[in-house]
1. Just a yes or no: is a residue in the range 32-52 modelled with pLDDT of 90 or more, over 19 Å from Tyr96 (Cβ atoms) and among the aliphatic types (A, V, I, L, M)?
2. Name the residues in the range 176-193 that are in contact with a Cys (Cβ under 7 Å, 6 or more places away or on another chain) and open to solvent by 40 Å² or more (accessible area, probe 1.4 Å), would you?
3. For Gly35, indicate whether it is farther than 20 Å from Val113 by Cα and surrounded by 20 or more Cβ atoms within 10 Å (Cβ to Cβ).
4. Could you tell me whether any residue of the range 82-102 is open to solvent by less than 70 Å² (accessible area, probe 1.4 Å), modelled with pLDDT of 95 or more, aliphatic (A, V, I, L, M) and in contact with a Lys or Arg (Cβ under 8 Å, 6 or more places away or on another chain)?
5. Restricting attention to the range 129-175, which residues are open to solvent by less than 70 Å² (accessible area, probe 1.4 Å) and part of a helix (DSSP H, G or I)?
6. Give the residue that is nearest to Ile56 (Cα to Cα), with candidates limited to residues of the range 71-81 that are small (Gly, Ala, Ser) and crowded, with 21+ Cβ neighbours inside 10 Å.
Amino acid sequence: MEVRRLTRSEVQAAFDDLARLRIEVFRDFPYLYDGDPDYERRYLATYLASPGAVVIGALDGDRLVGAATASPLADHFEEFGRPFVERGLDPADFFYFGESVLEKACRGRGVGVRFFEEREASALEAGFANCVFSAVIRPADHPLRPAGYQPLDGFWSRRGYARIDGLETSFSWRDVGEAQETVKPMEYWSKRL
C-alpha cells in the first residue's frame, strides 16, 4: 500500500472517494455520522479551499482506500479556531489535522502512523511547530457504544499527542437515527514538533 501526499488534481479526481470514505468510516462509533453526498460536498469544498490544505492518500493500486487531511487552523472552519482565540491563542500558530479515514480491511498495517508522519512533515514544511486535532466526546454509557470499544487515546498518546485540558469546541452533523443535525462537543489534542 502506498501512502503519500496527493496533488490538487488527484484530490479533485478522488473527491467522491473521499466523501465515500468519510461517510463509511465516520458511521461507526464514536462519530455515528449519518453522512450524505451533499454535506460532504459542502464540507470538503470549504476545507479544500485552503491553499495550505493537504490530503494524504492511502492507495491500494489505483484505488483510494484511506485519506488524512490537514490545513492551517486559521483556514479551517471557524468553530475550530474560536476556542483558541477565546483562550488568547492565535489560530495562525497551529496546523490542524482533520480526518483520518481508512477502510476496515486495510487497518493494522501502519497506515495510521504514516498519516500522522505525513501530516507532521507537511506542518513543518509550512512553517508550523504546533499540530492539533479534535475528537468527538461521547459519554461512556452512550447507547450505541459497542461492547469492547477502545478509544484511540492510546494511539494518539504514543504519537506524542496530549489532550488540551479545558479546550473544547462543537460541530454539527446528523447522527445515525437522527432526522437533523445536532451539535456535538469535541476536545482537542496537540503536539509540538
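1. Scanning the range 32-52, I find at least one residue that is modelled with pLDDT of 90 or more, over 19 Å from Tyr96 (Cβ atoms) and among the aliphatic types (A, V, I, L, M), so the answer is yes.
2. From the range 176-193, those in contact with a Cys (Cβ under 7 Å, 6 or more places away or on another chain) are 190-191, 193; that's our starting set.
The answer is Lys191, Leu193.
3. Working: farther than 20 Å from Val113 by Cα: yes; surrounded by 20 or more Cβ atoms within 10 Å (Cβ to Cβ): yes.
Spelling it out, Gly35 is indeed farther than 20 Å from Val113 by Cα and surrounded by 20 or more Cβ atoms within 10 Å (Cβ to Cβ).
4. Yes, because at least one residue in the range 82-102 is open to solvent by less than 70 Å² (accessible area, probe 1.4 Å), modelled with pLDDT of 95 or more, aliphatic (A, V, I, L, M) and in contact with a Lys or Arg (Cβ under 8 Å, 6 or more places away or on another chain).
5. Asp153, Gly154, Phe155, Trp156, Ser157
6. Pass one, the range 71-81, residues small (Gly, Ala, Ser): 71, 74, 81.
Narrowing further to those that are crowded, with 21+ Cβ neighbours inside 10 Å: 71, 81.
Values: Ser71: 12, Gly81: 22 Å.
Of everything passing the filter in the range 71-81, Ser71 is nearest to Ile56 (Cα to Cα).
The values are calculated or read from the model by the stated rules, or taken from the named source; none is laboratory data. All values reported here derive from a predicted model rather than from experimental measurement. When we count neighbours, we look across all protein chains shown, and the Cβ atoms used for this are built from the backbone with ideal geometry, even at glycine. All accessible areas refer to the heavy atoms of the entire protein, side chains included, with ligands and DNA or RNA removed. Shrake-Rupley method; radii C 1.70, N 1.55, O 1.52, S 1.80 Å.
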